[in-house]
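Reviewing the structure listed below.
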Amino acid sequence: MNQDSLLNSAQFIKGVGPKKFQILMQLGIQTTKDLLYHFPYRYEDRRRQNQIKDLKVGQMQSFTAEVLAKASRRARNRRSIFQIALGDEGGRIDAIWFNQPYLKDNFKVGDKVIFYGKISMRKGLQVINPEYELIDEDDASEDTIHTKRIVPIYSLTKGIGQRALRRISYNAVNEFSNVLDNLPEPLRKKYNLITLNKALRDIHFPKSNEAIDAARKRLIYEELFALELTMAWRKYNYKHLHKGIKFSFKKPLVDTFIKKLPFKLTQSQKKVISEIKNDLSSSQCMQRLLQGDVGSGKTVVAIISALYALSAGYQVALMAPTEVLALQHYRVIDKLLKGFKIKMGLLTSQIKKKEKSELINKINNHKIDVVIGTHALIQENVSFKKLGLVIIDEQHKFGVIQRDTLYLKGENPDLLIMTATPIPRTLAYSIYGDLDVSVIDELPAGRKKITTWWVTKKKIEGAYNFIIEQVNEGRQAYIVYPLVEKSKKLELKAAKEMYEHLSKDIFSKHTVGLLHGQMKGSEKDKVMLAFKNNKIDILISTIVIEVGIDVANASVMLIEHAERFGLSQLHQLRGRIGRGSHESYCILVSSSLTDIAKRRLAVMKKESSGFRIAEEDLIIRGPGEFFGNRQHGFNDLKIADLIKDNVILKKARKDAFDLFSTSKFTESSPYQTLFDYYIKQNI
Ligand code: ADP
Ligand code: MG
């Protein structure tokens, strides 16, 4: 069967139809392929059903039983309780649901039902809030699809039950039982992989546990191979198919700039600058990732790279994820480039319409050399006359699409992307696998380790006093909250409300400022400038200051509800202090004592390297959470796990890149199918 038919709407699969299709869309299922790739998240072996008397207390178990009686009541705390008594030949058990009174209409005495849940023991056997499935003995497909086999269990959404989805999935697997296999034969042989057909059938309706394993193996490999093939193609594409700009720069500009800097570049900075310079002066398109921990001095490297491009007569675009950071870059760069006759522009969504259209005009006519901005830069109506270099700061806050959009505003401009989120090497391969990597692996001399404390909210007075001491010594402080405004749903302190309280009651002798994402651009600007110029002693803020902000005199940071932030976020936040020569202190306030919270805060206390922290964070939270929603490749992964399947990832990566190096990879056959199937949909 042709692959294209897999891209037909899932609406036409037997059992779907227009109404169910709307519901499937809620699950992200639009095409037949989406449906086939909506894999079960677990299985239940219903070949032999557990007897009630054999159920193991404390474990997740499934069993079949008959409804003997049912009852609804209210507990003293007004929670509603719905309970049914169940039995089989040898035993009795109660199923209990809290706050789901409507369930009472779902069961009749005499119904046969399959349950799945954690078995407990309290005045007899119980199972609380179990999943359940009513058996329909009149249904001819009962035994073939829903019972007497290893049964797939899917994630669901409102409006569709386990059985309905299972039946649809069963039909899809049968209708598409001869899908073409696009994985190259040699690779399939090499790893002894089963065909796509068999894999799709067995992942949904396996005959044995071994069949599940073999199906998973095939699908995991294929998924990672597709990911890496895309990376390999992207890399090949701009290395060989695009002609990049060969900058012929006039050296004095850069040399003068370096001489005027108030500090000496570190060895690491010099090394990465020379790597970038090599790329710029070659005719290949630069696609380089600059990785360096918080505070390692990436901005100055970016400026020097920009100067190279500028000296060759090109324009440069620098994109940052937040307005506050774009503003700061603008200001820092403006100051450093004073006397260099370089025209700069700042483009964010906050500037006024008229100013904006003037600015866009100037960019278009090359009346501006360096444009610094936020996402506003990638809007449709922004176009450059002679864009030579694109720099993206804090790349992990953007995705591949934004990267590409900015890149496409020039004719094969060189690209430098920067990030402080260090990630384990193998993972870096899969997100940044198409890029060359430069690493700044030292901090400027004289930086001191930041002392980190973890306290409960009872100690908050002490923390405030400590802040006052530091401010009296001439330092500045940040206080960070997870919310801007108080929310009804969450019992959390919020920046606005705490600003009122702290500025009046606690720090009344000092100047307190407030900064959050909902403020207007010009207001944010004012506050940041005042803080930078030491006109504000204590800045109350939210996560808006997470990335990039650079105020060397700030020496204390207090973070409330620290458990609400990811470790890499905490590391980035903490990176706002310890930027000068002063001893710096980070106080994490958290009263949440869950094991995970404790583990994470312990990591923050102990580690100061962003690399180590990121590794721990990744282990604690998993890659999806770790990278946020935007990273290409991660959300799309349906079955592979970049950490657990790392060994396969490495193999798949090698296989994919080999395909490009051993033969000339073009879009024409014999690679056409490979290209269409694996790459086209990923780029
Ligand atoms: P990040 O890598 O986190 O973006 P920045 O570029 O903001 O770091 O640099 C942090 C601070 O260190 C800035 O104030 C910058 O001026 C300063 N800095 C950068 N390079 C050096 C250096 N070689 N020596 C001393 N200070 C430096
Ligand atoms: Mg930075």
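The values are calculated or read from the model by the stated rules, or taken from the named source; none is laboratory data. Note that the structure is a prediction, hence the values are computed from the model and not measured. Positions of Cβ are backbone-derived with ideal geometry, glycine not excepted, and every protein chain shown enters the neighbour counts. Heads up: the accessible areas ignore ligands, DNA and RNA and are worked out on the full protein's heavy atoms, side chains in. Shrake-Rupley method; radii C 1.70, N 1.55, O 1.52, S 1.80 Å.
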How many residues of region 249-270 are closer than 30 Å to residue 408 by Cβ, at pLDDT 90 or above and either open to solvent by 50 Å² or more (accessible area, probe 1.4 Å) or within 16 Å of ligand 2 (Cβ to nearest atom) (or both)? The answer is 1
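Among the residues of region 389-416, which ones are among the aromatic types (Phe, Trp, Tyr) and either surrounded by fewer than 22 Cβ atoms within 10 Å (Cβ to Cβ) or modelled with pLDDT of 80 or more (or both)? Quick ask: steps written out before the conclusion?
Just the residues of region 389-416 that are among the aromatic types (Phe, Trp, Tyr), to begin with: 398, 407.
Within region 389-416, just 407 meets the criteria.
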Take the residues in region 540-586 that are of a type in the set (Lys, Arg) and at pLDDT below 90, then tell me which one is nearest to ligand 1 (Cβ to nearest atom). 579
Which numbered condition in (1) over 22 Å from residue 613 (Cβ atoms); (2) open to solvent by 10 Å² or more (accessible area, probe 1.4 Å) is the only one that residue 507 fails? (2)
Within region 574-603, the residues that are in contact with a helix residue (DSSP H, G or I) (Cβ under 7 Å, 6 or more places away or on another chain) and within 16 Å of ligand 2 (Cβ to nearest atom) are 576
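Name the residues in region 531-548 that are in a helix (DSSP H, G or I), within 16 Å of ligand 2 (Cβ to nearest atom) and open to solvent by less than 10 Å² (accessible area, probe 1.4 Å), would you? Reasoning before the result, please.
Taking region 531-548 first, the residues in a helix (DSSP H, G or I) are 531-532, 543-545.
Applying the additional criterion that residues be within 16 Å of ligand 2 (Cβ to nearest atom) yields 532, 543-545.
545 - this is the single residue of region 531-548 that is in a helix (DSSP H, G or I), within 16 Å of ligand 2 (Cβ to nearest atom) and open to solvent by less than 10 Å² (accessible area, probe 1.4 Å).
Given the criteria more than 19 Å from residue 421 (Cβ to Cβ) and either at pLDDT below 90 or within 16 Å of ligand 2 (Cβ to nearest atom) (or both), does residue 316 qualify? Steps first, please.
Values: more than 19 Å from residue 421 (Cβ to Cβ): yes; either at pLDDT below 90 or within 16 Å of ligand 2 (Cβ to nearest atom) (or both): no.
No, not satisfied.
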Would you confirm whether any residue within region 356-370 is within 30 Å of residue 446 (Cβ to Cβ) and open to solvent by 60 Å² or more (accessible area, probe 1.4 Å)? no
Do we find that residue 239 is open to solvent by less than 60 Å² (accessible area, probe 1.4 Å) and modelled with pLDDT under 90 in this structure? yes
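Do any strands (runs of 3 or more DSSP E) entirely within region 83-202 hold 1 or more residues that are of a type in the set (Lys, Arg) and open to solvent by 40 Å² or more (accessible area, probe 1.4 Å), and if so, which?
91-98, 112-121
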Might you let me know whether region 507-521 holds any residue that is in a helix (DSSP H, G or I), among the β-branched types (Val, Ile, Thr) and over 28 Å from the mean Cα position of the chain (by Cα)? no
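So which strands (runs of 3 or more DSSP E) stay within region 354-454 end to end and still have 2 or more residues that are among the aliphatic types (A, V, I, L, M) and either within 16 Å of ligand 2 (Cβ to nearest atom) or under 30 Å from residue 607 (Cα atoms) (or both)? Talk me through it step by step, then tell me what you get.
Numbers: elements: 370-373, 387-392, 414-419, 436-440.
Once the strands (runs of 3 or more DSSP E) in region 354-454 are filtered for at least 2 residues that are among the aliphatic types (A, V, I, L, M) and either within 16 Å of ligand 2 (Cβ to nearest atom) or under 30 Å from residue 607 (Cα atoms) (or both), what remains is 387-392, 414-419, 436-440.
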Checking residue 382 against (1) open to solvent by less than 10 Å² (accessible area, probe 1.4 Å); (2) among the β-branched types (Val, Ile, Thr); (3) within 21 Å of residue 230 (Cβ to Cβ): exactly one of these is not met. Which one? (3)
Picked from region 280-301 (must be part of a loop (DSSP other than H, G, I, E, B) and open to solvent by 30 Å² or more (accessible area, probe 1.4 Å)), the residue nearest to ligand 2 (Cβ to nearest atom) is 293
Region 318-344 - residue that is among the small types (Gly, Ala, Ser) and within 22 Å of residue 545 (Cα to Cα) and, of those, farthest from ligand 1 (Cβ to nearest atom): 326
Any idea how many residues of region 549-573 are assigned to a helix (DSSP H, G or I), open to solvent by less than 10 Å² (accessible area, probe 1.4 Å) and more than 16 Å from ligand 2 (Cβ to nearest atom)? 3
